[in-house]
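This report concerns only the one structure given below.
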Amino acid sequence: MGMLVVSAVFVIILTALAYRANTRFRSKSRLPMQWGITGAVNWSAPRSVALAFIPILAIGALGFQVFMAMNVPARTGQEGLVFPVLVGNGVTLVAVQLLHFWLIERTLRRNVG
């Protein structure tokens, strides 16, 4: 039950960050999604799709992890690792989303100036 609550908290955090970013980038109809090694944008997506991508990914990834933890027993000696790995994955998703927002902001500033 605790794993489900922690997963829900991470999804709420990611959704709140995306909602806040939506107001910050509201003047743009499309946002970059992928950059090449030179820093050029390879492709972009509509703003709503770009901002909803990681929260939806988190629902699937964290939900799958909770489902597996509830239905598949951990290997002997690894029982204590299930919860920390879930938290680590949630923190990683938040970090990736913040990195994405930072890259978007940097790209938009560079294109203006």
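When the residues of the stretch 22-38 are filtered to those that are free of Cβ contacts under 8 Å to residues at least 40 places away in the same chain, part of a loop (DSSP other than H, G, I, E, B) and not polar (S, T, N, Q), the one that is nearest to residue 54 (Cα to Cα) is 26. Look at residue 17 and say whether it is of a type outside the set (D, E, K, R), within 28 Å of residue 112 (Cα to Cα) and in a helix (DSSP H, G or I). Against the criterion (of a type outside the set (D, E, K, R), within 28 Å of residue 112 (Cα to Cα) and in a helix (DSSP H, G or I)), residue 17 qualifies.
The rows are residues; the columns are (1) touching a Lys or Arg at 6+ places or on another chain (Cβ under 8 Å); (2) modelled with pLDDT of 95 or more; (3) hydroxyl-bearing (Ser, Thr, Tyr); (4) under 21 Å from residue 99 (Cα atoms).
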position	(1), (2), (3), (4)
13	no, yes, no, yes
21	no, yes, no, yes
45	yes, yes, no, yes
61	no, yes, no, yes
81	no, no, no, no
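Is it the case, given these coordinates, that residue 53 is among the hydrophobic types (A, V, I, L, M, F, W, C), within 17 Å of residue 98 (Cβ to Cβ), in a helix (DSSP H, G or I) and without any contact (Cβ under 8 Å) to a residue 60 or more places away in the chain? Against the criterion (among the hydrophobic types (A, V, I, L, M, F, W, C), within 17 Å of residue 98 (Cβ to Cβ), in a helix (DSSP H, G or I) and without any contact (Cβ under 8 Å) to a residue 60 or more places away in the chain), residue 53 qualifies. Under the condition of being within 13 Å of residue 21 (Cβ to Cβ) and either over 9 Å from the mean Cα position of the chain (by Cα) or not in a helix (DSSP H, G or I) (or both), the residues counted in the stretch 85-99 number 1.
Of 77, 60, all but one fail to be surrounded by fewer than 16 Cβ atoms within 10 Å (Cβ to Cβ) and assigned to a helix (DSSP H, G or I); the exception is 60. Put simply, of 48, 44 the only residue that is farther than 22 Å from residue 4 by Cβ, surrounded by fewer than 17 Cβ atoms within 10 Å (Cβ to Cβ) and under 20 Å from the mean Cα position of the chain (by Cα) is 48.
Restricting attention to the stretch 37-57, the residues that are under 15 Å from residue 19 (Cα atoms) and not charged (D, E, K, R) add up to 10.
Listed here are the residues, each with its yes/no results for (1) within 13 Å of the chain's Cα centre (by Cα); (2) closer than 25 Å to residue 5 by Cα.
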residue	(1), (2)
22	no, no
31	no, no
59	yes, yes
64	no, yes
109	no, no
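The values are calculated or read from the model by the stated rules, or taken from the named source; none is laboratory data. Small disclaimer: the values here were computed from a predicted structure and weren't measured. Neighbour counts run over all protein chains shown; Cβ positions are idealised from the backbone, glycine included.
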